[in-house]
Every structure is written in structure tokens, then in C-alpha cells.
Amino acid sequence: MSGKLLQVKNLSVRVEEKEILHGVDLEIGKGETHVLMGPNGAGKSTLGYALMGNPGYQVTEGQILFDGNDLSEVSVSDRAKAGLFLSFQNPLEVPGITLSNFIRSALEQRTGERIRLWDFRKELEAKMEILQMDKSYAKRDLNVGFSGGEKKKAEILQLLMMKPQLAILDETDSGLDVDAVRTVSRGVEEYQKDKDGSLLIITHSTRILESLHVDVTHVLVNGRIVAEGDASLVDEINENGFERFEQG
């Protein structure tokens, strides 16, 4: 670890009139992989949206620091340009822009530079091969007509092409069959090869974690982090569920 990339301090978040998160503290170092687990409705996705600055999630208390910078007044697009990436449980369909053009445009906005089409296509095809994606998907409108598995692969493809400093993967394995989970995990493993890239994997399952190196596991229950540990905590939850944490 070469320093703290993300520091969440005493974070409380409200959605409409209901407070979902209550004083959450979380730190992620550069190159680390963290897992956030918890039962349904614990507030896991709320944390992801709050970190990205979704305006529907109001920070009522606390602070989010990313690479030493306070994100309080930073827009969603500027957070993305700074190196934050969030995948979604249910990726949206975007008619009128192809998957390839979407990724290329996002890359150019982040870097502020034009990207040579030949170089871009060559790298895109290489990443699609890792994910066992048919090359024709690059020319299709973003997520339009994609199966659930192909939508998740498309998001991991964006991850591999964008190379963010911190990727927040929200229930990426949700609704996927065993083969699709393995393929997505392979893509996440590829991202982990960048030793400076950090991950926050939000899940209530453990399937996507089976082949991944995990540094720290956090357990979120009722909007509070109630336990932290190493990868062995994932194994405990896989075997016994969340009952002891919910009773604590």
C-alpha cells in the first residue's frame, strides 16, 4: 500500500426523508481490494451512489476524501474524470450511441486528449477477448438488447478500458449464471494486475470473490459498518451468513 486513496469519515446519507447510512468510516489504500458485504437493505448501494455524488443521495454529515481532495462540491462527471468508476446492479440501455463510441468518448473526456482510432480498436478487441464478448457488441447501441450477462460484461469492459483509480462494483455478479460470473471475475482479475488500481466490491454473495485477492472485508448492517477483517471474513459469511452481525 502506497497511501490512502479513499477516506470516508463519519458519513451519514439520507435518501428523501430517510437516513440510510449512519456514521460510516472507511479507508481504501492504493492497489487494495476491499469487499463490502451485508444483507439486503443494509445500505451497501447507497454508499456506492454517495461516493459517486448521485444527487438523490444527500450527505448529511461527514466527509469523502479521494486522493486527498474533498469531494463535497464535486460533480458526478468530475469524480469520474478524477478516477472514480461505479458499475450498476442494473445497467441502463442507451439508444443512439454504440458501446465502442461510448467508451472512446468517456476516455477522451477523462484524458482531455484525442485517441487514435486504430489503437483504441486494437485494445478494445483485446479486452473483449478476455471477457469472451463477441466483437459485434462494440457496434451495438449501449446495452440495448443485451442480456443481463452481456450488460455486466460491457461494464467490466468499460472498467478495463477506463483504468480508473478506484472501481466500485455494485452487485456485479447479481443475476449471473456460473459461467458468466467466472468470465466477469476474469475481467476483474485483469484489472487487479494494475497494482495502483483499487477496488470496492459491493455484494451480498461471495461467488465473484472466489478467484479474487481480497485485502479487507467490511460488513454493513442497518447503515453501519459492524465488522472488519481479512478475506477469511468472506469465508465465514459464506458459511454462516450475516446472523451474528445482525444480532450484534
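The values are calculated or read from the model by the stated rules, or taken from the named source; none is laboratory data. The structure presented is a predicted model; accordingly, all values stated were derived computationally and were not measured. Heads up, the Cβs are rebuilt from the backbone with ideal geometry, glycines too, and the neighbour counts pull from every protein chain shown. Accessible surface is based on the protein model in full, side chains and every heavy atom, while ligands, DNA and RNA are left aside. Shrake-Rupley method; radii C 1.70, N 1.55, O 1.52, S 1.80 Å.
Grab the beta carbon distance between residue 235 and residue 147, set R0 = 30 Å, and tell me the FRET efficiency rounded to 0.05. Numbers along the way, then the final one.
Numbers: r = 31 Å, r/R0 = 1.03.
With R0 = 30 Å, the Cβ-Cβ based efficiency is 0.45.
Across the options 232, 178, 219, the greatest Cα extent toward the positive end of the charge dipole of the chain (unit charges at beta carbon of Lys, Arg, Asp, Glu) belongs to 178.
In this Cβ point-charge picture (+1 for Lys and Arg, -1 for Asp and Glu), region 113-241 has a dipole of about 740 debye about its Cα centre. Which entries of 81/127; 30/193; 127/193; 127/163 have Cα-Cα distances beyond 18 Å here? Flagged as over cut-off: 81/127. The order of the peptides 123-131, 67-75 by mean Cβ neighbours within 10 Å, most packed first, is 123-131, 67-75. Comparing 116, 14, 224 in a Gaussian network model of the chain, where Cα atoms under 10 Å apart are tied by springs, the biggest mean-square fluctuation is seen for 116. Straight-line cross-link partners of residue 9 among the aspartates and glutamates, defined as a Cα under 17 Å from its Cα and at least 8 positions apart when in the same chain: 19, 25, 27, 61, 67, 70, 73, 228.
Axis of helix 148-162 versus longest Cα principal axis of the chain: the two differ by about 80°, to the nearest ten degrees. Farthest towards the positive end of the charge dipole of the chain, among the residues 115, 51, 103, is the Cα of 115, using unit charges on the Cβ of Lys, Arg, Asp and Glu.
With a 1.4 Å probe and all protein chains kept in place, how much accessible area does residue 57 have, in Å² rounded to the nearest 10? Counting only protein heavy atoms, the figure is 60 Å².
Normalising by the residue count of the chain, find the relative contact order in percent from Cα pairs under 8 Å and 6+ residues apart.
Working: 457 pairs, mean separation 65.7, N = 248.
It rounds to 26 percent for the chain.
Heavy atoms of the protein chains alone define the surface here; on that basis the chain has 49 Å² accessible area per residue at 1.4 Å probe size. Based on the Cβ-Cβ distance of residue 126 and residue 228, what FRET efficiency does E = 1/(1 + (r/R0)^6) give at R0 = 45 Å, to the nearest 0.05? Efficiency, from the Cβ-Cβ distance: 0.75.
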